[in-house]
Amino acid sequence: MIYDEILADIKPTIEQRKRILKFSDNLMNIILEYAKELNLDVECRLVGSMAKKTSLKSKADIDIFMTFPLEYSEEKLKEYGLLLGEYCIDKAGGKAEKRYASHPYMTGLIEEFEIDFVPCYRISDSSQLKSAVDRTILHTDYIQSHMSDGQADEVLLLKKFMSAINTYGANYKVSGFSGYLCELLILEYDSFENVLKNASEWRLHQEIDLENYGTCKNFKDALIAIDPTDKNRNVAAALTMQKFSEFIVASRNYLKNPSPEYFKDRKVKTDRIELINEFNDRNTTCLMLSFNMPQLPTDVIYPQVNKTCNSLEKISNSHDFKVLKAKYYIDDNNRAHILIEYEVATLSKLKLHYGPLVTDVKNTENFIARHPDCYVKDKKWVVLKNRKYTHSIELLEDMLKEENMHMLKLGKNAKEELLKEYELEYINDYINDMDESEFMDIYTFLHPNYRLIR
């Protein structure tokens, strides 16, 4: 495999990088000058992948951290951070937006760049941490002092590969590998190919401890990568078992056939008729629940939709509607979709209800009193009872009524939106009217490994 050609497509050019660094310096100077006017003790740092030379060309976002002394209160840090960030964005002719992480920060769209202006405390080690974002500068310093330019290129290859197989990103939407975790993997294994070779043989609770802290035993996650700047933190804590496993499978697939296609986002070649025919061939019943979600950060809305999906699956199974699989996604219009496939979606009117053991005299008397038509089956009393629901769609429709929602586990925003409006329909009807941008989500429901092989 010739990686130079791939790097040419994904690595910012020298000119692009110089322009971004100069642009960042100008923004930091605006902040420092205004801070001087306000008599504030502020320092600015370019952090993140751009500072570490591990930023993909397509994701050249800029992270500027404004550091304040530890003596500043959290309230003052937030206040001054937002003030300085908004001033800088306005001064540069951009559009400002307040966002939230462990505390508020400003994001600005200036020219073609998206810049995050994040206030944090000026710390020298993890023992001084006051908020999660404080450690970002420690991470930047560590990578800058330990990673060669050649290794930075290997990180780019790893990030692009992971992005193409949908395992890159530690946010809840993906629950995969963070950029910092990718960098630590390269420091551990030295190259992109070595990461894949080792990953193809990973075991559950795989350990990476660059500084030999010996604290891996304190964690039970799928992958354990001790933060070199904090021995009590697992950098891979957000990585789910699903994405851990998918990366292992994709690594093996790539090593068998190292194609450049693994560095490209895979497209779907299908149509409505083909999708409908595939669902029909499965001879199952699939229902699609769709509802709007508010314009909130992905790490707020995705957990709520996931919680709703899990709750609907659980209550379906509890009423004997056996779920084969369930999946959720949120489309470009912030509309949530939950797809549930039932092995059994229609049941008989009657079901067998088991009572106490025949030898249990006291409970036998109570059971017979409540169910005069009961009878003995083997060692227990049983009775035939009418089901409340004989079709899965009836169950879901009833559960989504306001008076029954307490039986589901729903996020606050998801519940509010479901009370306003939702659509519940069979998958064939949904496919006939859905937007083509959703083809990939539906296709990968049918073919879960599609992104993992080329």
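Within the set of pairs 6+ apart or on separate chains, which have a first residue in segment 15-27 that is of a type in the set (S, T, N, Q), a second that is in a helix (DSSP H, G or I), and C-beta atoms under 9 Å apart?
If the second residue must be in a helix (DSSP H, G or I), the pairs left are 16/57; 24/50; 24/51.
When you look at residue 102, is it over 29 Å from the mean Cα position of the chain (by Cα), among the small types (Gly, Ala, Ser) and outside the structural domain of residue 229 (by TED's automatic domain parsing), yes or no?
Here the answer is no, as residue 102 does not meet what is asked.
Each row is one residue, and each column tells you yes or no for (1) farther than 19 Å from residue 171 by Cβ; (2) crowded, with 19+ Cβ neighbours inside 10 Å.
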| position | (1), (2) |
| --- | --- |
| 57 | yes, no |
| 91 | yes, no |
| 109 | yes, no |
| 118 | no, yes |
| 132 | no, no |
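Residue 146 versus (1) farther than 30 Å from residue 451 by Cα; (2) within 24 Å of the chain's Cα centre (by Cα); (3) surrounded by fewer than 22 Cβ atoms within 10 Å (Cβ to Cβ): which is the lone unmet condition?
With (1) farther than 30 Å from residue 451 by Cα; (2) within 24 Å of the chain's Cα centre (by Cα); (3) surrounded by fewer than 22 Cβ atoms within 10 Å (Cβ to Cβ) applied to residue 146, the lone miss is (2).
Which of the strands (runs of 3 or more DSSP E) contained wholly in segment 191-250 include at least 2 residues that are aliphatic (A, V, I, L, M) and out of contact with any Ser or Thr (no Cβ under 9 Å at 6 or more places or on another chain)?
The strands (runs of 3 or more DSSP E) meeting that bar are 223-227.
Please verify whether segment 236-252 includes one or more residues that are polar (S, T, N, Q) and in contact with a His (Cβ under 8 Å, 6 or more places away or on another chain).
No, segment 236-252 has no match at all.
Scan segment 341-351 and tell me whether some residue there is at pLDDT 95 or above, touching a Cys at 6+ places or on another chain (Cβ under 6 Å) and acidic (Asp, Glu).
Yes: segment 341-351 contains one or more residues that are at pLDDT 95 or above, touching a Cys at 6+ places or on another chain (Cβ under 6 Å) and acidic (Asp, Glu).
What residue, among those in segment 217-254 that are touching a Phe, Trp or Tyr at 6+ places or on another chain (Cβ under 7 Å) and among the hydroxyl-bearing types (Ser, Thr, Tyr), is surrounded by the most Cβ atoms within 10 Å (Cβ to Cβ)?
254
How many of the residues making up segment 43-83 are of a type in the set (A, V, I, L, M) and touching a Phe, Trp or Tyr at 6+ places or on another chain (Cβ under 6 Å)?
Selection size over segment 43-83: 5.
Hey, can you tell me all the residues within segment 265-297 that are farther than 23 Å from residue 452 by Cβ and assigned to a helix (DSSP H, G or I)?
Residues satisfying the conditions are 272, 273, 276, 277, 280.
Return the only residue of 298, 284, 308 being assigned by TED's automatic domain parsing to the domain that holds residue 437 and crowded, with 19+ Cβ neighbours inside 10 Å.
None of the others qualify; the one that does is 308.
Here is a list: 160, 173. Which entry is buried (at least 22 other Cβ atoms within 10 Å of the Cβ), in contact with a helix residue (DSSP H, G or I) (Cβ under 6 Å, 6 or more places away or on another chain) and not assigned by TED's automatic domain parsing to the domain that holds residue 103?
After applying the criteria, what remains is 160.
Any idea which residue in segment 118-143 is farthest from residue 51 (Cα to Cα), counting only those that are under 23 Å from the mean Cα position of the chain (by Cα) and outside any helix (DSSP H, G or I)?
The qualifying residue farthest from residue 51 (Cα to Cα) is 131.
The values are calculated or read from the model by the stated rules, or taken from the named source; none is laboratory data. None of the values given here were measured: they were computed from a predicted structure. Positions of Cβ are backbone-derived with ideal geometry, glycine not excepted, and every protein chain shown enters the neighbour counts.
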